[in-house]
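**Student:** Take this structure, written in structure tokens, and hold onto it; I'll ask about it next.
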Amino acid sequence: SKRLGVIVEATSRASCAMIRSPVSLETAALTGGVCVAVLVWLRQRPSSYPGDAIPKSKRLKREPKFKEKSQRVEKGWQPCTEGQSEVLPHPVSGQQIWVYTSGKACPDVPEFHPAENPNSADIIFRNAKLQAWKGSTPKDHAPGDCLSAVRKGFSFYQMLQCDDGQWAGDYGGPHFLLPGFVISAYITGNMDKIFPESHRKAIQAYLLNHQQVDGGWGTHIESPSTMFGTVLNYVALRLVGVDAKTLECEKGREFMRQHGGALYAPSWAKFWLAVLGVYEWKGIAPVPPEMWLLPSWFPLHPGRFWCHCRMVYLPMCWLYARRFTYKAADDPVTSALRCELFPDQTYAQIDWRRHVHSVAVIDNYSPIHPFMRWLQEALLVYERFGPWKWLRKISSDFALEYINSEDLETNFLTIGPVSKALHLLVSWVEAGGDANASESRSFKAHVQRVPAYLWVAEDGMKVQGYNGSMAWDTSFAMQAAVDSDLVSEFKDMSKKAWSWLVKEQVRSLPYGDWKHWRQPIQGGWGFSTAEQAWPVSDTTAEAFKAVLLLRKQSCMKGESGQMPDQHLFDTVRFLLSYQNGDGGWATYENNRGWSWYKLMNPSEVFGAIMIDYSYVECSSSAMQALMLFTEQFPQHRAGEIARAVQRGARFIEAMQRNDGSWYGCWGNCFTYGCWFGIEGLLCAGRPRSCAAIQKCVKFLLGKQNADGGWGEDFSSCFDREYAARDKLYGCDSGSTVVQTSWALLALMAAKCEDSDAIQRGIGLLWRRQLPTGDWPQENIAGVFNRSVGITYTSFRNVFPLWALGHFAKEYGPRHGCKLVF
């Protein structure tokens, strides 16, 4: 508004000057044009704005349809703590991994019912923790008041806490992760070592449980079938021992045939097929390693890309440069796959070059832009007539050195599961690609960390979207305990969580590793563990909030010495350094590119992968954490923090949609974004009566269902429009406990005057609580890159507890609400 006032005043003076003295028509027009341009610039959205609802013609129209019959997982699976290893460069954090023992003494695994809910309830892990619990357990009778429901919920949830203080759980969902691990294990000849028979049976169960009625697999567990999911999971099913003559495989092949066969799989799937030797490199879009030799200032340098993007294409470019491929013709399974994946075609006669850009319509979420297609065509010419051997060798050597550096910095976890599976393969190929290569230290270290990505639930064995979400889940749990004023009542639980959070603060790379485009990360928290060494702005902020809140608790006073003030100051430095030029915060790094990078997105199935955009959620979390810090340390960088928070608030205001909502980029979906949007503006000092907050309150109240709750289907994320349904997975209505909790937390933060609406929402949470104190697993709660859903089994506990606790201790008493049910 100040900038607008200055412009209006300047325009007025210019107009007066024109009246007093003759001026050419051209000058007047130019002045007016400049003013209009500036006004348009002031009103434009930030480049991080995800966009309004997509056109109806491009929306998700197909619905997934899951089988009634499921494949039961064998009993005998038990979680345990990952042990230390001499082949690893750093100590492991001690996360949960899975072992298989004789099933005689273990309880049967409950049957999975994908048609009712394709999301697992994490029953095997939860039952194991409940059986190991030695303390008192919640009573079965229903709590009579709100705070009693919270106590009962925490009494249950503390039973799931791991011995070291963190909460673990199923973080699965995407269907394109597991096949990469299976393919790498198969190629390297280490299937029995990486996936013994018990693992392969559990993998078979997972793949068969999530195959849909049409024979295909989705990109994630709630997605309708896609070629991305189907081609990769069909290959994985065959490699773990399922015969091609089974009905499941026949139906999978029929689905692929209907959509053109594997020639119409998206590029990431084609890459895995090429290294397996069941697709030719001539049909792959180039991934030249020479890009890494460009000068760092060059606009197209891959070091400017979003870290997840560049860290996937890094090992891809090394394998592409070597044209590494498994000897598929000599193997009966892969030789058969050359026929099965390309129905009605002869493998030797396929025109591979013609299908570089071929992709099925059902997968084409983010079509390759003409500019990127032109660039890929130019690179294909370079690959045909070149490349220069000396240049390829230098660039490949750098890529390999970069890969090895990432292995060491992340303790062989890498940044995520896609890169992990690729690094596993690279380490074997680098060591010679034969039986002796399996004895190399690097390959053995990678094999050692595969279990960190695996999870077993009643739907089978899967690969998680990370090596867990422990820091994220633990941080929210402790904030809920503080807001409910129950820390002293659950003192042991809180102390264990505190100790774990303190231990898992990242202390490495205080000055970054700029050779490999890593900025300083000391003081942050990673999504999972510190050893993974990729801290995130919002996880850092939420963990920081939890630590700051626990420091103030009287029962924690003796524990505060574990974390020196300097470590807190390091976090402040970390958060301030991660703010982008638009005022918002991105995820892993500052944005290094430009919005036009989206024109170069080489992946058809993901959106927003090229740069690290600023996000409302990340910005709000960082702002809240910094303001909470200022309350406790008012003399430390207070001016910088105040300015950063105000810039962040302006970013959040600019990201608000016309209907008053905020799109949730990392949670499903608008209820999540609205909660962060309101909290961010409030911490910046915006009054609850301000237009932005009141518009959001009106939006949320307008979406409340008749049963008092809120709920959105995953298509909200995909279509970027609120998608209410009559019934959602795992629910008896269109309301879920997680999304209802997000909406309630947003409305209560805004001190919504419609207390009846709040009470009805709280009533739904109270009714849905199970006799054990748990809540049922409902629909998918997480999302990334707009098109992929991901599981957070802890959310069904943490957020209802948080909403109920805040209502019982803060909102309810202030508004004279009924607290007894």
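The values are calculated or read from the model by the stated rules, or taken from the named source; none is laboratory data. Since the model is a prediction, treat every value here as computed from it, not as a measurement. With ideal geometry, Cβ positions are generated from the backbone for all residues, glycine too; neighbour counts draw on all protein chains shown. Side chains are part of the model used for accessible areas, which takes the heavy atoms of the whole protein and leaves out ligands, DNA and RNA. Shrake-Rupley method; radii C 1.70, N 1.55, O 1.52, S 1.80 Å.
**Student:** Considering (1) surrounded by fewer than 20 Cβ atoms within 10 Å (Cβ to Cβ); (2) touching a His at 6+ places or on another chain (Cβ under 9 Å), say which one I790 fails and leave the rest.
**Tutor:** (1)
**Student:** Okay, moving on. Only one of V73, V87 is surrounded by 14 or more Cβ atoms within 10 Å (Cβ to Cβ) and more than 30 Å from W525 (Cα to Cα). Can you tell me which?
**Tutor:** Checking each option against the conditions leaves just V73.
**Student:** Further question: Within the stretch 313-361, how many residues are open to solvent by less than 70 Å² (accessible area, probe 1.4 Å) and among the acidic types (D, E)?
**Tutor:** So the answer is 2.
**Student:** If you don't mind, another one. Keeping to the stretch 35-51, report how many residues are modelled with pLDDT of 85 or more and surrounded by fewer than 13 Cβ atoms within 10 Å (Cβ to Cβ).
**Tutor:** Qualifying residue count for the region: 1.
**Student:** Does V287 satisfy the condition of being β-branched (V, I, T), modelled with pLDDT of 95 or more and either in a helix (DSSP H, G or I) or open to solvent by less than 10 Å² (accessible area, probe 1.4 Å) (or both)?
**Tutor:** no
**Student:** Which of the residues belonging to the stretch 159-191 are within 18 Å of G460 (Cα to Cα), open to solvent by 10 Å² or more (accessible area, probe 1.4 Å) and in a helix (DSSP H, G or I)?
**Tutor:** M191
**Student:** For the stretch 650-766, list the helices (runs of 4 or more DSSP H) that sit wholly inside it and hold at least 1 residues that are polar (S, T, N, Q), open to solvent by 30 Å² or more (accessible area, probe 1.4 Å) and farther than 24 Å from A149 by Cα; which are they?
**Tutor:** Correct list: 691-702.
**Student:** Applying the selection to the stretch 192-215, what residues are farther than 20 Å from Y326 by Cβ, in contact (Cβ under 8 Å) with a residue 24 or more places away in the chain, of a type outside the set (S, T, Y) and open to solvent by 10 Å² or more (accessible area, probe 1.4 Å)?
**Tutor:** P196, H199, K201, Q204, L208, V213, D214, listed by residue number.
**Student:** Exactly one of these conditions fails for A471: (1) touching a Leu at 6+ places or on another chain (Cβ under 8 Å); (2) of a type in the set (A, V, I, L, M); (3) open to solvent by 10 Å² or more (accessible area, probe 1.4 Å). Give me its number.
**Tutor:** Result: A471 passes all but (3).
**Student:** For the stretch 496-535, give me the residue count where each residue is open to solvent by 10 Å² or more (accessible area, probe 1.4 Å) and hydrophobic (A, V, I, L, M, F, W, C).
**Tutor:** Count: 6.
**Student:** What pairs can you find where one residue is in the stretch 247-265 and open to solvent by 30 Å² or more (accessible area, probe 1.4 Å), the other is of a type in the set (D, E, K, R), and their Cβ atoms are less than 8 Å apart, with a gap of 6+ or different chains?
**Tutor:** Filtered contacts from the stretch 247-265: K251/D214; R253/E340; R257/D344; Y264/D363.
**Student:** Within the stretch 456-475, can you find the residues that are among the acidic types (D, E) and under 30 Å from G523 (Cα atoms)?
**Tutor:** Within the stretch 456-475, D473 is the sole residue that qualifies.
**Student:** Can you name the number of the only condition in (1) among the hydrophobic types (A, V, I, L, M, F, W, C); (2) more than 27 Å from the chain's Cα centre (by Cα); (3) farther than 27 Å from E531 by Cβ that A121 fails?
**Tutor:** Here A121 clears every test but (2).
**Student:** A further question on this structure: Please determine, by comparing only the residues of the stretch 392-409 that are within 19 Å of Y382 (Cβ to Cβ) and hydrophobic (A, V, I, L, M, F, W, C), which one is surrounded by the most Cβ atoms within 10 Å (Cβ to Cβ).
**Tutor:** Checking each candidate, the answer is A399.
**Student:** Mind counting the residues in the stretch 439-466 that are open to solvent by 10 Å² or more (accessible area, probe 1.4 Å) and assigned to a helix (DSSP H, G or I)?
**Tutor:** Counting residues in the stretch 439-466 that are open to solvent by 10 Å² or more (accessible area, probe 1.4 Å) and assigned to a helix (DSSP H, G or I) gives 7.
**Student:** Can you pull out every residue in the stretch 604-625 that is over 17 Å from the mean Cα position of the chain (by Cα) and either open to solvent by 10 Å² or more (accessible area, probe 1.4 Å) or more than 18 Å from F476 (Cβ to Cβ) (or both)?
**Tutor:** Answer for the stretch 604-625, where residues must be over 17 Å from the mean Cα position of the chain (by Cα) and either open to solvent by 10 Å² or more (accessible area, probe 1.4 Å) or more than 18 Å from F476 (Cβ to Cβ) (or both): E604, Q624.
**Student:** Name every residue in the stretch 263-273 that is in a helix (DSSP H, G or I) and within 27 Å of the chain's Cα centre (by Cα), in order of residue number.
**Tutor:** Hits for the stretch 263-273 are Y264, S267, W268, A269, K270, F271, W272, L273.
**Student:** Restricting the stretch 328-349 to residues that are touching a helix residue (DSSP H, G or I) at 6+ places or on another chain (Cβ under 8 Å) and not in a helix (DSSP H, G or I), which is farthest from F271 (Cα to Cα)?
**Tutor:** D344
**Student:** Could you list, in sequence order, the residues of the stretch 572-626 that are of a type in the set (V, I, T) and not in a loop (DSSP other than H, G, I, E, B)?
**Tutor:** Residues satisfying the conditions are V572, V616.
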